[in-house]
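First up is the structure itself, then whatever we jot down about it.
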Amino acid sequence: MSTAPSIESPVATAPSGAASTDRDWWRDAVVYQIYPRSFADADGNGVGDLPGITDRLDALADLGVDAIWLSPFYRSPQADAGYDVADYRDVDPLFGTLTDFDALLARAHQLGLRVIVDLVPNHSSDRHRWFGEALAAAPGSPERDRYVFRDGRGPEGAEPPNNWQSVFGGPAWTRVVDPGGAPGQWYLHLFDAHQPDFNWDNAEVREEFDAVLRFWLDRGVDGFRVDVAHGLLKQAGLPDFVPDPELGTMGFAVPTAEGDPSGPGDEASGGDEAPGGDEAPGGTAAAERASHLGPMWDQDGIHEIYREWRRTLDKYSPPRIMVAEAWVQPLSRLSRYVRPDEMHQAFNFDFLEAPWDAPVLRAVISRSLAVNATVGATTTWVLSNHDVVRHPSRFGLDGGRWRGGIGVDDPQPDAALGLRRARAATLTMLALPGSAYLYQGEELGLPEHTTLPDSVRQDPTWERSGHTERGRDGCRVPLPWESGAPALGFSPTGRTWLPQPESFVALARDRQRDDPDSTLNLYRAALRLRRERSLGGGTLRWLDDYGPDVVAFGNGDVTVLANLGPAPVALPPGDVLISSTDLAARGALPPDTAVWIR
Ligand code: TEU
């Protein structure tokens, strides 16, 4: 294994548009999320793996993305699909070996693709060596202090130490059995019981993660996606959570055009204003409360951790980056994670959650750009990932349900309408200044698998919620590559860890490659134009001549219009560079369609 520091540029050519340089490549990058279980399976066991990814990387270079982000492939019992890490410095045999990882990295760099890996610092697996040591040690020992162990409340300590709930449902505490067989202390797990939370007040934990960062940086990775970046520190004393009926388990409110969660305390007012007066100055009561999501999230001390990590990253050249997965509102609180000496980017979940509604979309875009500008950070955009309902299905449902999954007995999305809107949403997103994150399969227009048999579900959410939330399996189904091959080309043996829906046949990559109207070719063309016209490094100018139902803006020499209303809208003069659906009536933009005009 090669662990020699590689601090010179691993990428031969600057892969991004004219606006970015080697030094700030991420600012306008399009990053493609690979979910290793479901991308491509080389060894035929039905679960995707690293050699499968390496074999298929050409398809991503051809698509025109700048970087890939790999969801976890580390040693893990897979209680949460790899987000339960047992060894942060090794590859799980399910996915391959460290040598396979090095080969993947080398091939990606050869193709001009940067590689971001997932870092899971909030919790480990319960099979991590440290957790085994903690269970074997006595209460109050240094071994237990690496995690969050507490005595229970009530007689015999039989009640959990506080009222916190797991994000996946059920209590966030599990009681251990002492080596002698007696009931013992409780440990905290904000997610599954197999994912004990680390104690980030413990110096050993901090040292360990600095070493883990350096392990992957020395191998040559270009950055980290930081899982649950808002969760590492908990409020001192672990006080009970006082739930807010207006906010979900995560304390997260769906954005609106008026006072959404980013209203008060939001320094957004100096930036681009949305037209039509839909940028209301104040905020709702829910908005004010949203800045205090609960004693387990977004604690102020967390930022010192990221400053330390940043100092480590900055020793490497060209710059390695961190992107925060932080479910934090309002946006002004989120922007604290991307101050100049902290992370480079944070996922923009307000954008992902925005319903198909022009005033809301304009407001979210305005606020995002303005708030990030206050800290000099680039804004990111994202529509899908491995935790949410895929956007073609979300937009095909009234109300756009984005989390919790969809089951066979739920209302089923309108697939054609959803895909039409999804293509328009993507085309709008790819014209926005900043950086965009794509989730594997969205370039094929893949829908959520909404009729998976419950018997095959693997997301712990399904069990932990007492079968009230289907969970996230429906967006994690193995990709279709070749329509006529076993498992649609995912696996040579035809095995797949989740069944693929019938609709994937017609959406297989080989069927789309030569079809000029396919979603794949829409993404390819949009990414090429985005790069040629440096849209990622551009500046947004709102245009207010198109009425309330149209999201309309200029970026460089491109005019972008997205019609979210029910009636066609007259197009301005100019050349159509690309449109999300066929513009049958020349001069008019049909409903649920986006267009770039020059
Ligand atoms: O997700 C964090 C998280 O909060 C999500 O669980 C989110 O609330 C939910 O999925 C929305 O439907 C990260 C990972 O992305 C996720 O896959 C992991 O399960 C989780 O952390 C625990 O590591």
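The values are calculated or read from the model by the stated rules, or taken from the named source; none is laboratory data. Keep in mind that what you see is a predicted model, and the values were worked out from it rather than measured. Quick reminder, even Gly has a Cβ in these numbers, built from the backbone with ideal geometry, and neighbours come from all protein chains shown. Areas reflect the complete protein model, heavy atoms only, side chains present, ligands, DNA and RNA absent. Shrake-Rupley method; radii C 1.70, N 1.55, O 1.52, S 1.80 Å.
Computed 3J(HN,Hα) for the range 38-48, one whole-Hz value per residue from the Karplus formula 6.51 cos²θ - 1.76 cosθ + 1.60 where θ = phi - 60°, is 10, 8, 7, 10, 7, 8, x, 8, x, 10, x, glycine and proline marked x.
Computed with a 1.4 Å probe over protein heavy atoms only, the accessible surface of the chain comes to 35 Å² per residue. Normalising the Debye intensity of the range 333-456 to I(0), with uniform scatterers on Cα atoms only, and taking log10 at q = 0.23 Å⁻¹ returns -1.32. Label positions at residue 136 and residue 570, each projected 7 Å from the Cα along the C-beta direction, are separated by 7.9 nm.
Note that the range 433-438 has calculated 3J(HN,Hα) couplings of x, x, 10, 10, 10, 10 Hz, one per residue in order, obtained from phi through the Karplus relation 6.51 cos²θ - 1.76 cosθ + 1.60 (θ = phi - 60°); glycine and proline are x.
Give me the net charge of residue 169's neighbourhood, meaning all other residues with Cβ under 9 Å from the Cβ of residue 169; Lys, Arg count +1, Asp, Glu -1. Working shown, then result.
On the way: positive: 464; negative: 463, 469.
Residues close to residue 169 contribute a combined charge of -1.
Cβ-Cβ distance of residue 493 and residue 59, R₀ of 22 Å, FRET efficiency by 1/(1 + (r/R0)^6): the value works out to about 0.60. Under 5 Å from the amide H of residue 178 lie the amide H atoms of 184, each residue being 5 or more positions distant or on a separate chain, with H modelled from the backbone and absent for Pro and chain starts.
With a Förster radius of 30 Å applied to the C-beta separation of residue 214 and residue 43, the computed FRET efficiency comes to 0.50. Remark: the range 25-116 is approximated by an ellipsoid whose semi-axes, taken from the C-alpha gyration tensor as √(5λ), come to 22, 14, 12 Å, largest first. Using a simple spin-label model with pseudo-atoms 7 Å out from Cα toward Cβ, residue 525 and residue 463 lie 4.8 nm apart. Given R0 = 41 Å, the distance between the Cβ atoms of residue 304 and residue 588 translates into a calculated FRET efficiency of 0.15. Between amide H atoms placed 1.01 Å from N, distances below 5 Å from residue 435 occur with 379, 380, 381, all of them 5 or more places distant or on a separate chain.
All other residues whose Cβ lies under 11 angstrom from that of residue 497 are scored, Lys and Arg at +1 and Asp and Glu at -1, for a net of +1. Pairs of Cα atoms in the range 436-490 fall into 10 Å distance bins, from 0 up to the last occupied one, in shares of 22, 42, 29, 7 percent.
The range 183-217 to the range 533-558: how many Å between their Cα centroids? For the range 183-217 versus the range 533-558, the Cα centre distance is 44 Å.
Quantify how much of the Cα-Cα distance distribution of the range 293-333 extends past 14 Å, in percent. Provide the component values of the computation, followed by the final result.
Working: 472 of 820 pairs.
Roughly 58 percent, once rounded to a whole number.
Near residue 347: Cβ cut-off under 9 Å, other residues only, Lys/Arg at +1 and Asp/Glu at -1. The net charge is 0. Taking the Cα centre of the chain as reference, the dipole from Cβ charges on Lys and Arg (+1) and Asp and Glu (-1) amounts to some 880 debye. The radius of gyration of the Cα set in the chain, together with its Dmax, comes out at 23.4, 80 angstrom. Stokes-Einstein diffusion of the range 477-564 at 20 °C, 1.002 mPa s viscosity, Kirkwood radius from Cα pairs, rounded to a whole number: 135 µm²/s.
With a 1.4 Å probe and every protein chain kept in, tell me what percent of the accessible surface of the chain is carbon plus sulfur.
52
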